[in-house]
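For reference, the structure discussed in these notes is given below.
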Ligand code: B12
Ligand code: SF4
Ligand code: SF4
C-alpha cells in the first residue's frame, strides 16, 4: 500500500460516514489506553464469581482493558453502535417460546464484522498501510467500557451500554487503530435514581450497583451447555434464547423504540416466537438449516431442545405431555431427557406421572434417573 498522509480529522470523517452508510446508528472515537478502572471492576466481578460459567483466564482482564494488547501501538478506537429490532413480533403459535430480539435475524457477528472491515479499509487506505484490527463480541475487549469512553452512551444498571438517542438495543463493534484519530468526550450521565431494570429482572441477577450476577441471568442460562439449575428453571418463563426484560423496561430504550429509530423486524413470527413443541423435536439437520446462520447457531440443537422442555414445564399445558413423553423416551441427549422429566413433573397430570414412572423403570443414565425421581416427588409440582 502506498503511504498517503491524510489529516486524521478527515480520516475520522470518512470512517464515520462509511459506518453510517452501512447501518451504524452512532460512531465515536475513544483513546486507546490502559483502563485501570474498568480492569478493577472486571477483576472484582470475577472474584465475586459473577461469571463463574465463563472461562475467563487470568490474563483476560488486563488484555480486555488495554486495546494496545490487541493491536500494538494502538492510539484510538472507533466505537460503533448498530441498532437492532425492537418491534414486538406478532403473537406466535399457541404454546410458543420467546427469543431475544438480538437473535431474530441473521447472525449479527457476520453483519457487523463486514461493516467493521469496510471502516478498517477506509482507515488502512488513508494510512497507506494496515493500521487496524477489528473486534465484535468474541475478542478480549471490554467493549462496553470503550463505548462509554467514546461517549456513545453510558453503562446502565442492567450493565448494557445505553445510547441517549438509540437506547440499549445496539450491538457494539470496534476498529482499533494505530492512527491518532481525534477522540470524542465521554458523556457525564448515569441512571440516577431509576431502578426499573433491577425491579423487573425475574431472576434478581441485577444488584442495582451496575453489576450483574451472570450465573442468574436468563441470557446466560439459556446459552449454557450443561444442565440449568433446577431452582432457576421456573424463572425462565417462556424464554428459549436470551432475555430482553431489563432492556424493554428501560426508559431510554423505550423512547428510542417509540421514535422508530431502530430497525430489523423478525424474519417471521416463528423466529421470534417459535413453537415449543417443534423446538423440542428439533433435529440436527433442521437446526443447521434454520438456525446455523443466526446468533442462536453456536450452541447446537440439544441446548434449544432443553430450553424448549423448560419453557413447556413453565407453560403447565397438558397438551404438551405427549411431546414431552416422547422426548423423555427418545431424545438421544440425557440433558434433554432430564429437563423433559422436570417439565412432566411440573405439569403433574396422571399421564405425565405415568410416563415418568414407566421411564424410571428402564432409564440407564444416572442424571436422568435423578431428575425423574425428583420430578415424581409431590412437592415438585406447582399445585402441591
Ligand atoms: C460474556 C457476555 C455476556 C454474558 C455476561 C453479560 C455481562 N453483563 O457481562 C451473558 C451471556 C449473560 C450476556 C448477556 C447479554 N449480552 Co453479552 N456479552 C458478553 C461479552 C462477550 C463479554 C462481556 C464481559 O466481558 N463481561 C464481563 C464484565 C465484567 O465486563 P463488561 O461487561 O465489559 O463490563 C465492564 C463495563 O461495563 C465497565 N463499566 C461498568 N460500569 C462502568 C462505568 C463507566 C463510567 C465505565 C467507563 C465503565 C464501566 O466495567 C466492566 C468491567 O470492565 C460481550 C462482548 C465483549 N467482548 O465485551 C457481549 C455483550 C456485552 N453482550 C451483548 C448483548 C447484546 C447481550 C444481551 C443483551 C443479549 C440478550 N438479549 O440476551 C444480554 C444482556 C444481559 C445483561 N443484562 O447484561 C452486547 C451488549 C451491547 C450493549 N448495548 O451493551 C455485547 C457488547 C456484544 C456486542 N458486541 O454487541 N453477555
Ligand atoms: S437479561 Fe433478563 S435475566 Fe438477565 S439481567 Fe436482564 S432481565 Fe435479568
Ligand atoms: S432501567 Fe433505569 S436503571 Fe435500568 S439501565 Fe435503564 S435507565 Fe438505568
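Looking at (1) out of contact with any strand residue (DSSP E or B) (no Cβ under 9 Å at 6 or more places or on another chain); (2) farther than 14 Å from residue 123 by Cβ; (3) part of a helix (DSSP H, G or I), can you tell me which one residue 9 breaks?
The one condition residue 9 does not meet is (2).
Within region 167-183, how many residues are within 9 Å of ligand 1 (Cβ to nearest atom) and part of a loop (DSSP other than H, G, I, E, B)?
Qualifying residue count for the region: 2.
Does residue 363 count as within 24 Å of residue 222 (Cβ to Cβ) and either in contact with a helix residue (DSSP H, G or I) (Cβ under 8 Å, 6 or more places away or on another chain) or surrounded by fewer than 17 Cβ atoms within 10 Å (Cβ to Cβ) (or both)?
no
Here's the yes/no breakdown for (1) away from ligand 1 (no atom under 13 Å from the Cβ); (2) over 16 Å from the mean Cα position of the chain (by Cα):
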site: 133; (1), (2): yes, yes
site: 138; (1), (2): no, no
site: 149; (1), (2): no, yes
site: 191; (1), (2): no, yes
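With within 15 Å of ligand 2 (Cβ to nearest atom) and part of a loop (DSSP other than H, G, I, E, B) as the only criterion, which of 186, 202 stands out?
When all the criteria are applied, what remains is 202.
Could you tell me how many of the residues in region 190-209 are surrounded by 15 or more Cβ atoms within 10 Å (Cβ to Cβ) and within 11 Å of ligand 3 (Cβ to nearest atom)?
Selection size over region 190-209: 8.
Is it the case that residue 19 is part of a strand (DSSP E or B) and either crowded, with 17+ Cβ neighbours inside 10 Å or touching a strand residue (DSSP E or B) at 6+ places or on another chain (Cβ under 6 Å) (or both)?
Considered against the rule, which asks whether it is part of a strand (DSSP E or B) and either crowded, with 17+ Cβ neighbours inside 10 Å or touching a strand residue (DSSP E or B) at 6+ places or on another chain (Cβ under 6 Å) (or both), residue 19 comes out as no.
Answer yes or no as to whether residue 247 is in the same structural domain as residue 279 (by TED's automatic domain parsing), part of a loop (DSSP other than H, G, I, E, B) and within 9 Å of ligand 1 (Cβ to nearest atom).
Considered against the rule, which asks whether it is in the same structural domain as residue 279 (by TED's automatic domain parsing), part of a loop (DSSP other than H, G, I, E, B) and within 9 Å of ligand 1 (Cβ to nearest atom), residue 247 comes out as no.
Look at residue 226 and say whether it is in the same structural domain as residue 344 (by TED's automatic domain parsing), closer than 29 Å to residue 139 by Cβ and within 13 Å of ligand 2 (Cβ to nearest atom).
no
Go through the residues of region 229-247 one by one and say whether even a single one is farther than 26 Å from residue 305 by Cβ, crowded, with 23+ Cβ neighbours inside 10 Å, within 13 Å of ligand 2 (Cβ to nearest atom) and at pLDDT 95 or above.
The answer is yes, given that some residue of region 229-247 is farther than 26 Å from residue 305 by Cβ, crowded, with 23+ Cβ neighbours inside 10 Å, within 13 Å of ligand 2 (Cβ to nearest atom) and at pLDDT 95 or above.
Residue check, residue 154 against (1) within 7 Å of ligand 1 (Cβ to nearest atom); (2) over 18 Å from residue 256 (Cα atoms), all met but one. Which one?
It fails just one condition, (2).
Testing residue 111 on (1) modelled with pLDDT of 95 or more; (2) surrounded by fewer than 22 Cβ atoms within 10 Å (Cβ to Cβ), one condition comes back false. Which one is that?
The single condition residue 111 does not satisfy is (1).
With respect to residue 71, determine if the residue is modelled with pLDDT of 95 or more, buried (at least 18 other Cβ atoms within 10 Å of the Cβ) and more than 25 Å from residue 191 (Cβ to Cβ).
So residue 71 passes the test.
Over 23 Å from the mean Cα position of the chain (by Cα) and surrounded by 18 or more Cβ atoms within 10 Å (Cβ to Cβ) - does that describe any residue in region 285-308?
no
So in region 136-166, with the set limited to residues that are more than 16 Å from ligand 2 (Cβ to nearest atom) and assigned to a strand (DSSP E or B), which one is surrounded by the fewest Cβ atoms within 10 Å (Cβ to Cβ)?
Among residues in region 136-166 that are more than 16 Å from ligand 2 (Cβ to nearest atom) and assigned to a strand (DSSP E or B), the one surrounded by the fewest Cβ atoms within 10 Å (Cβ to Cβ) is 154.
Quick grid of which residues meet (1) part of a loop (DSSP other than H, G, I, E, B); (2) in contact with a helix residue (DSSP H, G or I) (Cβ under 7 Å, 6 or more places away or on another chain):
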position: 220; (1), (2): no, yes
position: 253; (1), (2): no, yes
position: 257; (1), (2): no, no
position: 278; (1), (2): no, no
position: 296; (1), (2): yes, yes
position: 311; (1), (2): no, yes
position: 324; (1), (2): no, yes
position: 328; (1), (2): no, yes
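The values are calculated or read from the model by the stated rules, or taken from the named source; none is laboratory data. No experiment lies behind these values; they were computed from the predicted model shown. Note that we place each Cβ from the backbone using ideal geometry, even for glycine, and neighbour counts take in every protein chain shown.
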